[in-house]
Amino acid sequence: MSELSAEDSKIITLARSTRARTGAAEGAAVRDDTGRTYAACTVDLPSLKLSALQVAVAMAVSSGADDLEAAALVTADDTARDADIAAVRDLGAKAPLLVAAPDGTLRGTVQPG
C-alpha cells in the first residue's frame, strides 16, 4: 500500500480490523471532512441487511458529518457494488472509494464522476 497516503492506509487498516474482529463478509471505513473516521462491518440479521459501507456512511451521518474525504471497502469481491458506491456518493460526491482485498492489497479506486 506504499502508493497510498498514510490517512488512506489507515482507513483500509480500520476496515480490515473490523472485518477480522467480527468475522463479517466485509469491512469498511470512511473519513469525513474533519478527519474523523468511522469503521463498520456487514450487518446480516434476519430483519436487517446492510453492507459495511452503508453502515459506515450511516455512522458518519448520525455523527453529524457533512462530507466524506475518502472511503475504503475490504472485500473478497473484485470491486464495490453499485449500492455501496451510491451510499458513498450520497455523502461524499468527491470522495475516492478504495477497494482492497482481505489482506489489505489495494485492488482499485472508484473515483467520483
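The values are calculated or read from the model by the stated rules, or taken from the named source; none is laboratory data. Remember, predicted model here, so these are calculated numbers, not experimental data. Neighbour counts are summed over all protein chains in view; Cβ atoms, including those assigned to glycine, are modelled from backbone coordinates with ideal geometry. The protein model used for the area step is the full one, side chains on, heavy atoms only, and it has no ligands, DNA or RNA in it. Shrake-Rupley method; radii C 1.70, N 1.55, O 1.52, S 1.80 Å.
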| request: Within the set of other residues whose C-beta is less than 12 Å from the C-beta of GLY35, count the net charge using Lys and Arg as +1 and Asp and Glu as -1. | output: -2
| query | By how many nm would the segment from ALA93 to ASP78 grow when fully extended, if each residue of separation counts as 0.36 nm and the alpha-carbon distance is taken off? | reply | 3.2 nm
| request: Using a 1.4 angstrom probe on heavy atoms only, work out the carbon and sulfur share of the accessible area of the chain in %. | output: 53
| note | Mean accessible area per residue over the chain (1.4 angstrom probe, all protein chains present, square angstrom) is 50
| Solvent-accessible ranking of ASP33, ASP8, ASP84, ASP90, largest area first, probe 1.4 Å | ASP90, ASP33, ASP8, ASP84
| query | Any idea which of THR37, ALA76, GLY23 is furthest toward the positive side of the dipole for the chain, if Lys and Arg beta-carbons carry +1 and Asp and Glu beta-carbons -1? | reply | GLY23
| message | Rounded to the nearest 20 debye, what is the charge dipole size of the chain about its Cα centre when +1 sits on each Lys and Arg Cβ and -1 on each Asp and Glu Cβ? | response | 280
| task | Given the peptides 10-20, 39-49, arrange them by the average over their residues of other C-beta atoms within 10 Å, most packed first. | result | 10-20, 39-49
| task | State the extension gain, in nm to one decimal, for the chain segment bounded by THR34 and ALA86, taking 0.36 nm per residue of separation less the distance between their alpha-carbons. | result | 16.6 nm
| Mean shadow area of the chain, taken as a quarter of the surface of its Cα convex hull (nm²) | 6.6
| query | Which value at 222 nm does the chain reach when only helices count, each DSSP H run of 4 or more adding -39,500 (n - 2.57), with the total divided by all residues and rounded to the nearest 500 deg cm²/dmol? | reply | -10500 deg cm²/dmol
